[in-house]
Amino acid sequence: MAERSFKAEVERLKIGDGEVFEGEGILAVTKALLQSGVAYVGGYQGSPISHLMDVFADASELMAGLGVHFESSASEATAAAMLAASVNYPLRGAVAWKSVVGTNVASDALSNVASGGVTGGALIIVGEDYGEGSSIMQERTHAFAMKSQMWLIDPRPSLPVLVDMVEQGFALSEASNTPVMLELRVRACHMTGSFVARDNRRPPLTVAQAAQSPNRDTSRIVLPPANFLHEVEKIEKRWPAGIKYVQDHRLNEHFGTEQDDIGIIVQGGLFNSLNRALELIGLSDAYGNAKLPVYVLNVTYPLIPDEVQAFCAGKRAVLIVEEGQPEFIEHELNTLVRRANLDTRIAGKDMLPRSGEYTADVIRQGVAKFLRAHAPERAPVEVAAEAPALPPTAVPQRPAGFCTGCPERPIFSAMKLVQKDIGELHVSADIGCHLFSILPPFHIGNTTMGYGLGTAGASAFKPEGKRAVAIMGDGGFWHNGLTSGIGNAVFNQDDNLTIIVDNGYSAATGGQDILSSKAKTPQRSTNNPIEKAVRGVGITWAKTRTRTYDVAGMRDAIRDALTSPEKGPKVLVAQSECQLNRQRRIKPQIAKAIKSGQRVVRERFGVDPDTCTGDHSCIRLSGCPSLTIRANPDPLRQDPVAHVENSCVGCGVCGEVSHAAVLCPSFYKAEVISNPNRADRIRQRLRGWVIGALQRRSARQIAARAF
Amino acid sequence: MSTSGRISIAILGLGGQGGGVLADWIVQLGANNGYVTQGTSVPGVAQRTGATVYYVEMIPRGGPATPLLALMPVPGDVDIVVASELMEAGRAILRGFVTDSTVLIGSTHRVYAIDEKSAMGDGRASGEKIIQAAQTRAGRYIGFDMDDAAERAGSVISSVMFGALCASGSLPFARDAFEAAIVSGGKAVDANLRGFAAGFAAALSNPEAGIEAQHIPAASSAAGRELQSRIHARLPHEAHYFAIEGVRRLMDYQDTAYADLYLTRLESLAGNADLIAEAARHLALWMSYEDTIRVADLKIRDTRFERVRADVKAADDQIVQLTEYMHPRLEEVCETLPAGLGRGILARPRLSALLGRFFTKGRHVETTSLRWFLTLSILASGRRWRRSTLRYQTEQARIDAWLDLVRSAEPEAALELVKCQRLIKGYGDTFERGLHNFTQIVERHRAGGLTASGIARLREAALADEKGDALQAALAG
């Protein structure tokens, strides 16, 4: 079950010709795919494209009804390889993933499909995770498009344009026999808006029909001599065809005035920010009526030489607003201008920062600088920046952390306790929520090399004495970790420990089901245990702990693995359900049970402020969002006391941690019994009599010696 | 607002606080009332408790063309900022979203960041600075504790923020249009409307956060009155608040005679009023050290049972059962025994090891069960012979040595030495670590006569990290 359900929105995907569709960018893309007669869809989740995969999953019934095949691919490489279906058959296919990391994983298959070319339209939707809110290395997908010669669409953020570009993307792909990438920036995926819909179209040929009558063409296979011909074909046939299509169908747009001696070229995705920047300078309005010519590249690769020449001709200087580095478009523009024998000065990274996100504010400063250099009469008056109202240190940073009740937290609490005993460990971390272990308060993890690569990242360590530890999530494990990590460790006779965090979902990407998920779903095969898989590839020391919240148990299991005399790679599967998903699942059930009068026990934790002395060891070992601090009610003490908020889900880790680490007696567990039964009530009455009497007596004694 | 009538609204909050719900309502509100409205957000890692920004822009429908709306707030160009927490309001100011034309609506409650929470002492950022900046920078600032308002209304903070936004009058829509957006959202409508109303009312009254004055309790018993008049007669005015609190605490902790010892010790400290005031605080804390007797006593009180019921929000018809996580080690057990016996056991390694085996595991103590309640009651009644316990004798000796040192030090250094008591807190390893740090600083002072600022520096270093690296570096430096 994914973090967010799109069941209600999916209903809207059924609307037809002329109706207005309202919704988010990702829903618009899904609708556009259905309108384009797509035959198959695949992909791998990851921000900012996770919700696209969730929409697909929730829409799978609708897609099946239209004869569209959908699957959640095992990895981006799997998804990219699916595009093979478009090589021999006129089948339109779309795959989606998070870029640039997903594109890295997919690049082998992408190179192959780009080399041989496609018959049916092949669309690769990449969520560009760059800038604010990004969780990955800052690189450009553009480089992949260039090296494999796939066309790259970077639509300006507007739902009608987005929908149009999906449909044009397929046609462009078919016209040029080339896969097309459609790049969606983070906020564009979740931008709300509307567009006029068209009817959904059944694919003219379904994948099942194509498989009925196979078609084979060895010239499409990357093997000598065909591979050499592919290169020639790319240059002589597909490239010109692509350029012609983009030009004929006017995929790039012009805004603003026609004649001027300066102008701006911008990546489509940045157009709204550029327009706002111009507006702030007084050179545009809210409707894009710029007072200078703007050429919007909805297709950022390839550039269209004729269009560039026409735009640059007669202009002294043109600013290219291109986010990220290297500045591929700027380089290419310079080449095109030179070849066209124009004197136009191409300005770009000399006006705008070389790195970082191009927000409207950044672009505003860059455009102002450009104007001062090339059209000073139109440059805005420089105003001295107001002194900041606050120093940056006044506002604390908020690194992401484990959720309330997260079952991964106790694993790292246990590791901290083990490190107390046997010293610091080298920890090869992985990608997933568990990577938050490198942040406060745990500070565990030395490197992270990629999804599912935790174990591989530790494989150079052949320890004598102290074993290295690798962390891997269940998502990464099934993505590639089983082979690249565990299989490799067995084959190379490693002696390290791999802790596999098995929380039942690909949790970091939004809680999608995976092979080892506990949920039973009609469309998928789940419940395939991780321990069975690792034993299958030759692990002999494998243990599964089914309750990570048992901190002492986790600590002992980790210590055992690190001190066991047995040689060879060891795998400890640490199992407990992702609490975010669990709460979503059980909260309504509990509310219903209480309402219907059933006996329900709710557990939550608390801290007694009068015994807590405000050292916060518990927080340093746990880091739960519900475990926080508040002003010390004791007038004598200065340090804030620990405090458990009502958002506590009663996972019990704070109590277990304080037990295992011998911390303090301030933690208590409260079991709140709703709709108590007869036995509860009788016991409570009995206790009430005795305890009440004793409490009244001691209250009298306390009063007697009171101030 | 720009000349086109466009309104930009940035919502700053923490993942999971419902900023997305609020953004959805605002988008609905705009779209249903004649505005082209666009909302955006960044899901993903930011949602896992990190800080995040939702952004909404709206512009009157029927303009000359399709409007181009931005996907991110632009510094200096945001009309309304809604912050779901005090530091997020600070972040909005820091990022330049708040100018003299911005309406800033922010909750004043705190959700502490991990670095603030995990500090060994008090790592909290200053909220006053943020409120001050909000008042001076924003065109208008509406700030109140929205979390508290939500809780009292039995609702969530997003609906309170929505109510406050409506009351601010910064959007050109009537109240019923706001409420219609909640209704059309279709989720927890009643609770959300309650929160909305609470936020609306609170924003209009705009309560100023008042600082409570120090409340000095009056004595209620003859013994209390006697000690109180002694404080008034013999201690400087500045020390009264802590001294009365100290006496109150020690009478509760032990008896009148113990409070009397406390005052005698305080009176023995010649010095300025600041020193006596701080000593009144720290001496009371040290003398009320947390032994097993004290912990048991506090755990079984009727007042504590009531407090827990309130904390866990138990309704009258619900039963609450309590389990404590206690881990008495052999050391703590021996310290509660008569001094000779306790010392005897701890001095014999083999016997300690043998007995220690019974105290290696933590205990789940069910305080609300008869068995454990009685056990804790018996333990608490140990108060009567506390003076004969090993721990009592150890602590009194430490206190006397500390006071001797304070008396012999220069006035400024003496004050800092008094404050070093703050290091001694907690239980088990935490207590030992604190005591060890304290001892190191004090020994260093004895050896070399540290200056006041030197002592303060070492004390800060002792609170910098758990492993004591900063303190070792400071001691070496």
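Here are the numbers for this structure:
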read-out: Extent along principal axes [Cα atoms of segment B:214-288; Å; largest to smallest]; value: 30, 22, 21
read-out: Using alpha-carbon coordinates, inclination of helix B:452-462 to the longest axis of chain B, degrees; value: 70 degrees
read-out: Ranked packing of A:678-685, B:452-459, most packed first, by mean Cβ within 10 Å; value: B:452-459, A:678-685
read-out: J(HN,Hα) series, segment A:80-93, from Karplus relation 6.51 cos²θ - 1.76 cosθ + 1.60, nearest Hz, glycine and proline x; value: 5, 5, 4, 4, 3, 4, 8, 5, 9, 10, x, 9, 8, x
read-out: Candidate lysines for bridging to B:Lys425, where Cα separation is under 20 Å - those fewer than 8 sequence places away on the same chain excluded; value: B:Lys117, B:Lys299, B:Lys467
read-out: Per-residue ³J(HN,Hα) for segment A:543-550, Karplus 6.51 cos²θ - 1.76 cosθ + 1.60, θ = phi - 60°, Hz, x for Gly and Pro; value: 9, 10, 9, 8, 9, 5, 5, 6
read-out: Given charges at Cβ of Lys, Arg, Asp, Glu: the protein assembly as shown dipole, positive-most of A:Leu694, B:Val247, B:Ala119; value: A:Leu694
read-out: Estimated [θ] at 222 nm from DSSP helical runs (n ≥ 4, -39500 (n - 2.57)) normalised by residues in chain B, nearest 500; value: -16500 deg cm²/dmol
read-out: Efficiency of FRET from Cβ geometry, A:Thr483 and A:Arg584, R₀ 41 Å, rounded to 0.05; value: 0.80
read-out: Sequence of B:His282, B:His237 when ordered by accessible area, the most exposed leading, probe 1.4 angstrom; value: B:His237, B:His282
read-out: Of A:Pro160, A:Val118, A:Gly131, farthest towards positive along the dipole that unit charges on Lys, Arg, Asp, Glu beta carbons give segment A:109-184; value: A:Val118
read-out: Relative contact order of segment B:267-421, pairs being alpha-carbon contacts under 8 Å that are 6 or more residues apart, as %; value: 37 percent
read-out: For A:Gln149, residues with placed amide H under 5 Å, excluding near neighbours; value: none
read-out: Assigned charges on the beta-carbon of Lys, Arg, Asp, Glu; segment B:292-390 dipole about Cα centre (debye); value: 580 debye
read-out: Under 18 Å from A:Lys587, Cα to Cα: aspartates and glutamates that are on another chain or at least 8 residues apart; value: A:Glu3, A:Glu577, A:Glu603, A:Glu645, A:Glu671
read-out: Percent of beta bridges antiparallel (DSSP, the protein assembly as shown, rounded to nearest 5); value: 40 percent
read-out: Charge dipole (debye, nearest 20) of segment A:441-600; +1 at Cβ of Lys and Arg, -1 at Cβ of Asp and Glu; value: 840 debye
read-out: Residue (of A:Ser413, A:Asn446, A:Phe370) at the positive-pole extreme of segment A:357-497, dipole from beta-carbon charges; value: A:Phe370
read-out: Over 31 Å between alpha carbons, listed pairs A:Lys147/A:Lys518; B:Lys187/B:Lys313; A:Lys98/A:Lys595; A:Lys147/A:Lys570; A:Lys543/A:Lys592; A:Lys416/A:Lys543; value: A:Lys147/A:Lys518; A:Lys98/A:Lys595; A:Lys147/A:Lys570; A:Lys543/A:Lys592
read-out: Around A:Pro305: net Lys/Arg minus Asp/Glu count, Cβ-Cβ under 12 Å; value: 0
read-out: Test item: B:298-306 mean partner chain Cβ contacts at 10 Å; value: 5
read-out: Under 5 Å, built H, 5+ apart or other chain: amide partners of A:Gly614; value: A:Ala642
read-out: Burial order of peptide ranges A:52-61, A:6-15 (average beta-carbon count within 10 Å, highest first); value: A:52-61, A:6-15
read-out: Reach of A:Lys369 by Cα under 20 Å, taken over lysines that are not fewer than 8 positions away in the same chain; value: A:Lys291, A:Lys315, A:Lys349
read-out: Cα-based convex hull volume of chain A per residue, rounded to whole Å³; value: 216 Å³
read-out: B:His327 long-range amide H proximity, modeled H, under 5 Å; value: B:Arg363
read-out: Length released on extending from A:Ala310 to A:Asp261, taking residue separation times 0.36 nm less the Cα-Cα span; value: 16.4 nm
read-out: Using distinct alpha-carbon pairs, which all enter the 1/r mean, Kirkwood radius of segment A:600-675 in Å; value: 12.7 Å
read-out: Gain in span if fully extended, B:Arg371 to B:Glu432, counting 0.36 nm per residue against the direct Cα distance; value: 18.8 nm
read-out: Virtual spin-label span in nm between B:Thr264 and A:Gln523, 7 Å along Cα→Cβ; value: 8.1 nm
read-out: Ellipsoid semi-axes in whole angstrom, largest first, where each is sqrt(5λ) of the Cα gyration tensor of chain B; value: 54, 27, 23
read-out: FRET efficiency for B:Glu238 and B:Arg329, using Cβ-Cβ distance with R0 set to 35 Å, rounded to 0.05; value: 0.30
read-out: Förster-model FRET efficiency, 25 Å R0, B:Asp176 and B:Arg152, C-beta, rounded to 0.05; value: 0.60
read-out: Segment A:254-335: projected area of the alpha-carbon convex hull, averaged over directions, in nm²; value: 5.2 nm²
read-out: Projected area, mean over directions - segment B:347-419, Cα convex hull, nm²; value: 8.3 nm²
read-out: Whole-Hz couplings from phi, Karplus 6.51/-1.76/1.60, listed for segment A:314-331; x for Gly and Pro; value: x, 9, 6, 8, 10, 9, 9, 9, 10, 7, x, 9, x, 8, 4, 5, 4, 4
read-out: Total formal charge among the other residues, if their Cβ is under 14 angstrom from that of A:Arg681, Lys/Arg +1 and Asp/Glu -1; value: +2
read-out: Peptide-level mean, for A:42-55, of C-beta atoms on other protein chains within 10 Å; value: 1
read-out: Peptide-level mean, for A:384-395, of C-beta atoms on other protein chains within 10 Å; value: 6
read-out: Sorted peptide list for A:193-199, B:250-256, criterion being average Cβ within 10 angstrom, highest first; value: B:250-256, A:193-199
read-out: Relative contact order of segment A:409-581, defined on C-alpha pairs under 8 angstrom at six or more residues apart (%); value: 24 percent
read-out: Å³ per residue enclosed by the Cα convex hull of the protein assembly as shown; value: 200 Å³
read-out: Unit charges on C-beta of K, R, D, E only; dipole of chain A, Debye; value: 3320 debye
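The values are calculated or read from the model by the stated rules, or taken from the named source; none is laboratory data. Keep in mind that this is a model prediction, so the values were computed, not measured. Counting neighbours? That spans all protein chains shown, and the Cβs are built from the backbone with ideal geometry, glycine included. All accessible areas refer to the heavy atoms of the entire protein, side chains included, with ligands and DNA or RNA removed. Shrake-Rupley method; radii C 1.70, N 1.55, O 1.52, S 1.80 Å.
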